[in-house]
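Have a look at the structure below, then the notes.
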Amino acid sequence: FGYLHPDDRERIVAGYVQAFGAGEGFELDYRVVLDGGDVRFLHAIGQRESDGRYVGTVQDVTPARRVEDALRDAEERFRGAFDEAPIGIGLVDLRGNWLRVNRTLCEIVGYNEQELLQRTFLDITHPEDHHAELESVRQILDGDIRTYQLEKRYITRSGSLVWVSVSVSVVRNSAGEPMHFIRQIEDITERKRAEERQNLLAREVDHRA
């Protein structure tokens, strides 16, 4: 008990006292501080024998815990970058269903997260743009291309149209099999409107000439 980490001591002593007092087995995870100051993570399992003695094991699980902590930190960093990205980002499964969407994507299309997760990317894509995108999806799944980018129209929750630039890549497992798509979406509606105004002005100038 002298080696128990100060933050774990009260909880672990109480766990042992409860197990011993009730004559029950126990399974506990805790930290110990070695003489050199190194902190190790331990997993202890014990069972009461018929003569009242306890027999069990204590396993050093430090490497596994450190991997778990590193993965958790990486996931938190990814979640922060994903959720707060200034462009829309979404994960889409192989059937076209949204798996995960960020705040910016929801703002672009006007749906909240739960509403969007109940739809496919084609559900909010203008019907005239379906063919071009499905052909690009086929090529990326067949391995003909690694990524694709296209400009298309989304139908927002209110029914209005918004122009977007979509960049798509596929995530594959260690065997090379596709798992899901990463879609990055940028709202280019204002740029499209400016281009249309310029084209209209150019046509008027040509007509007057």
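The values are calculated or read from the model by the stated rules, or taken from the named source; none is laboratory data. Just so it is clear, the structure is predicted and the values come from calculations on it, not from any experiment. Cβ atoms come from the backbone with ideal geometry, glycine included; neighbour counts cover every protein chain shown. Side chains are part of the model used for accessible areas, which takes the heavy atoms of the whole protein and leaves out ligands, DNA and RNA. Shrake-Rupley method; radii C 1.70, N 1.55, O 1.52, S 1.80 Å.
With in contact with an Asp or Glu (Cβ under 9 Å, 6 or more places away or on another chain) and of a type in the set (Asp, Glu) as the only criterion, which of 115, 107, 76 stands out?
Step by step, each of 115, 107, 76 is checked, and only 107 is in contact with an Asp or Glu (Cβ under 9 Å, 6 or more places away or on another chain) and of a type in the set (Asp, Glu).
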Over segment 98-110, the set of residues β-branched (Val, Ile, Thr) and either exposed (fewer than 14 other Cβ atoms within 10 Å of the Cβ) or more than 19 Å from residue 161 (Cα to Cα) (or both) is 101
Can we say residue 182 is under 21 Å from residue 92 (Cα atoms) and assigned to a loop (DSSP other than H, G, I, E, B)?
no
Could you check, for segment 68-82, whether at least one of its residues is more than 28 Å from residue 18 (Cβ to Cβ) and in contact with a Lys or Arg (Cβ under 8 Å, 6 or more places away or on another chain)?
yes
Here is a list: 194, 175. Which entry is assigned to a loop (DSSP other than H, G, I, E, B), free of Cβ contacts under 8 Å to residues at least 60 places away in the same chain and out of contact with any Cys (no Cβ under 7 Å at 6 or more places or on another chain)?
175
How many residues does segment 51-82 hold that are more than 27 Å from residue 29 (Cβ to Cβ) and open to solvent by 50 Å² or more (accessible area, probe 1.4 Å)?
2
So, in segment 111-139, exactly how many residues are open to solvent by less than 30 Å² (accessible area, probe 1.4 Å) and more than 17 Å from residue 97 (Cβ to Cβ)?
2
Quick check on segment 173-183. Is at least one of its residues surrounded by 14 or more Cβ atoms within 10 Å (Cβ to Cβ) and charged (D, E, K, R)?
yes
Enumeration of residues in segment 29-61 that are within 31 Å of the chain's Cα centre (by Cα) and charged (D, E, K, R):
29, 31, 40, 60
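Matching residues to (1) over 25 Å from residue 159 (Cβ atoms); (2) of a type in the set (Gly, Ala, Ser); (3) at pLDDT 95 or above; (4) in contact with a Lys or Arg (Cβ under 8 Å, 6 or more places away or on another chain):
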{"position": "86", "(1), (2), (3), (4)": "yes, no, no, no"}
{"position": "105", "(1), (2), (3), (4)": "no, no, yes, no"}
{"position": "118", "(1), (2), (3), (4)": "no, no, yes, no"}
{"position": "129", "(1), (2), (3), (4)": "no, no, yes, yes"}
